[in-house]
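**Q** Below are the structure tokens for one structure; questions will follow.
The values are calculated or read from the model by the stated rules, or taken from the named source; none is laboratory data. If you're wondering where the values come from, they're calculated on a predicted model, not measured in any experiment. FYI the Cβ positions are ideal-geometry reconstructions off the backbone, even for glycines, and counts take in every protein chain you see.
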Amino acid sequence: MELHFEDLALTVRAGELDVPYGLSDEALFLSVRSHLAGLLCGGAEIFHFGPAPDNTSDGQDELLENGIFYRIIAYEKNLGIDRESAADEIMSAFHFLVENFEPRWATIFVEEGSAKREVTIELLYQDVF
């Protein structure tokens, strides 16, 4: 029997971040790490928390959100939280992850509709412990 661990995703607004396009995974992570860590411990509002959403909204304004976001995806078992955890516990768990570990990969997704543009810097953490 194979064990299954649920991926949990936290999405927060990145504000007016100057998105560092064209960097390798490691360089992208290192360039946003301190900004993201500051948001996670500085009271940023949770935009989304739960199963990782897919990035299939390109061209569909009603599904897009204008702005720049960070999305961090990690196994529930590595975070020590679940979907019923309090907001401060969620932020603390993801802050610990960003401060202490490098993601398996980091990438930037850009989705555009006729009136909206959504940019997401995504960090994937799996089996980092």
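**Q** If G38 satisfies all but one of (1) farther than 19 Å from I108 by Cα; (2) modelled with pLDDT under 95, what's the number of the condition it fails?
**A** Among (1) farther than 19 Å from I108 by Cα; (2) modelled with pLDDT under 95, G38 violates only (2).
**Q** Any idea which residue in region 103-119 is farthest from V19 (Cα to Cα), counting only those that are among the acidic types (D, E) and buried (at least 16 other Cβ atoms within 10 Å of the Cβ)? Outline the logic, then answer.
**A** Residues of region 103-119 that are among the acidic types (D, E), as a first pass: 111-112, 118.
In the following step, the residues that additionally are buried (at least 16 other Cβ atoms within 10 Å of the Cβ) were identified as 111, 118.
Numbers: E111: 14, E118: 12 Å.
The selected residue is E111.
**Q** On to the next question. Out of all the residues in region 73-90, is one or more of a type in the set (S, T, Y), assigned to a loop (DSSP other than H, G, I, E, B) and farther than 13 Å from L10 by Cβ? First the steps, then the outcome.
**A** We begin by selecting, within region 73-90, every residue of a type in the set (S, T, Y); these are 75, 85.
From what is left, the residues that are assigned to a loop (DSSP other than H, G, I, E, B) are 85.
If we keep only those that are farther than 13 Å from L10 by Cβ too, we end up with none.
Within region 73-90, not a single residue is of a type in the set (S, T, Y), assigned to a loop (DSSP other than H, G, I, E, B) and farther than 13 Å from L10 by Cβ.
Table: residues versus (1) in a helix (DSSP H, G or I); (2) touching a residue at least 40 places away in the same chain (Cβ under 8 Å); (3) within 15 Å of R71 (Cβ to Cβ); (4) not basic (K, R).
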| site | (1), (2), (3), (4) |
| --- | --- |
| T11 | no, yes, yes, yes |
| Y21 | no, yes, no, yes |
| H35 | yes, no, yes, yes |
| G38 | yes, no, no, yes |
| A44 | no, yes, yes, yes |
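**Q** Any residue at all in region 74-84 that's among the aromatic types (F, W, Y) and farther than 19 Å from V32 by Cβ? Step through it out loud before you land on a result.
**A** From region 74-84, those among the aromatic types (F, W, Y) are 75; that's our starting set.
Now narrow it down to the ones that are farther than 19 Å from V32 by Cβ: 75.
Taking every residue of region 74-84 in turn, at least one turns out to be among the aromatic types (F, W, Y) and farther than 19 Å from V32 by Cβ.
**Q** Which condition does H95 not pass, out of (1) in contact with a strand residue (DSSP E or B) (Cβ under 9 Å, 6 or more places away or on another chain); (2) surrounded by 14 or more Cβ atoms within 10 Å (Cβ to Cβ), if it passes all the others?
**A** All conditions are met except number (1).
**Q** I'd like the full set of residues that are β-branched (V, I, T) and either assigned to a strand (DSSP E or B) or at pLDDT 95 or above (or both), limited to region 91-128.
**A** Residues of region 91-128 that are β-branched (V, I, T), as a first pass: 98, 107-108, 110, 119-121, 128.
Listed by number, the residues that qualify are V98, T107, I108, V110, V119, T120, I121.
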